[in-house]
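To start, the structure itself, in structure tokens.
The values are calculated or read from the model by the stated rules, or taken from the named source; none is laboratory data. Keep in mind it's a predicted model, so treat the numbers as computed, not measured. Cβ sites come from the backbone with ideal geometry, for glycine too, and all protein chains shown count toward neighbours. Protein only, heavy atoms only, side chains kept; ligands, DNA and RNA dropped before computing areas. Shrake-Rupley method; radii C 1.70, N 1.55, O 1.52, S 1.80 Å.
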Amino acid sequence: MKTRWEEFKAKYWRSRALRERQMIAIAATVLVPIVFYFLLWQPAHQAVAKLQLSVPVLQVQLAKFKENAAEIEALRHRPQLAALDQHAFKLNIEQSALKHQLAILISPVGAQDVVGIRITGEAISFAAWLDCLRELEQAQHIRAESVSVSASSQPGLVKISATLINGN
């Protein structure tokens with residue numbers, strides 16, 4: 001390698017005139033820092049600034065992912081609830097409706113894997129309906145799959161149409 005350098009100096013550098021070598025040295029002295037600045041230092045400096053802004057955001061996202069992963073793992077190990085048969089399902093809904101003094105019509109819904117019940121009511125207290133629904137979900141794991149609520153002509157009362165399913 002040393003011989004190649006000597007060959008290069010002899011062929012290209014020493015063959016130049018003194019004034020030309022001085023001009024090339026001055027140009028190199030000026031251009032090398034400029035090239036270093038624009039090709040190395042400035043892009044690195046800008047990347048550091050961008051990373052300083054994005055790292056905290058990514059850390060927050062990582063914390064959320066870890067929290068979600070822990071919740072998923074907890075839900076994965078939660079025991080599955082036993083599904084109620086059609087009769088027990090209907091009986092639980094009727095008992096809750098009687099307890100909350102709701103006058104509703106109950107009809108089964110034909111579904112393949114899911115036991116479903118359709119409920120309709122004309123003049124039902126909205127607060128009592130919400131209490132009944134909350135109790136069914138918390139105590140019996142029965143949840144509303146779809147609910148349609150519209151205002152009744154009487155204040156505080158609503159018309160409902162809902163499909164309840166066994167909440168697995």
Long-range amide H contacts for I142: which residues qualify at under 5 Å (H placed 1.01 Å from N, peptide plane, sequence gap of 5 or more or a different chain)? E137, G167
With R₀ set to 45 angstrom, the calculated FRET efficiency between the beta-carbons of K2 and L58, to the nearest 0.05, is 0.35
In Å², what does the accessible area per residue of the chain work out to with a 1.4 Å probe? 77 Å²
Give the calculated FRET efficiency between K9 and Q42 to the nearest 0.05, with a Förster radius of 35 Å applied to their Cβ-Cβ distance. 0.60
Does anyone have the angle between helix 18-36 and the longest principal axis of the chain? Alpha-carbon axes, 0 to 90°, nearest 10? 10 degrees
Peptides ranked, highest mean first, by Cβ atoms within 10 Å: ranges 29-38, 1-10: 29-38, 1-10
Karplus 3J(HN,Hα) series, Hz, for segment 52-61 with 6.51 cos²θ - 1.76 cosθ + 1.60 (x for Gly, Pro): 5, 7, 7, 4, x, 5, 5, 5, 5, 4
Provide, in order from the shortest bin, the percent of all Cα-Cα pairs of the chain in each 10 Å bin, continuing until the bin that contains the maximum pair distance. 8, 20, 14, 10, 8, 7, 7, 6, 7, 9, 4, 0
Compute the distance from the alpha-carbon center of segment 14-45 to that of segment 115-152, in whole Å. 81 Å
Give me the percent of the accessible area of the chain that comes from carbon and sulfur atoms, probe 1.4 Å, all protein chains in place. 61 percent
Distance in nm between label sites at I34 and A49, each 7 Å beyond Cα in the beta-carbon direction? 2.2 nm
Between 0 and 90°, nearest 10: helix 86-99 axis offset from the chain longest Cα axis: 80 degrees
Summing -39500 (n - 2.57) over every DSSP H run of at least 4 in the chain, dividing by its residue total and rounding to the nearest 500, the 222 nm mean residue ellipticity is -18000 deg cm²/dmol
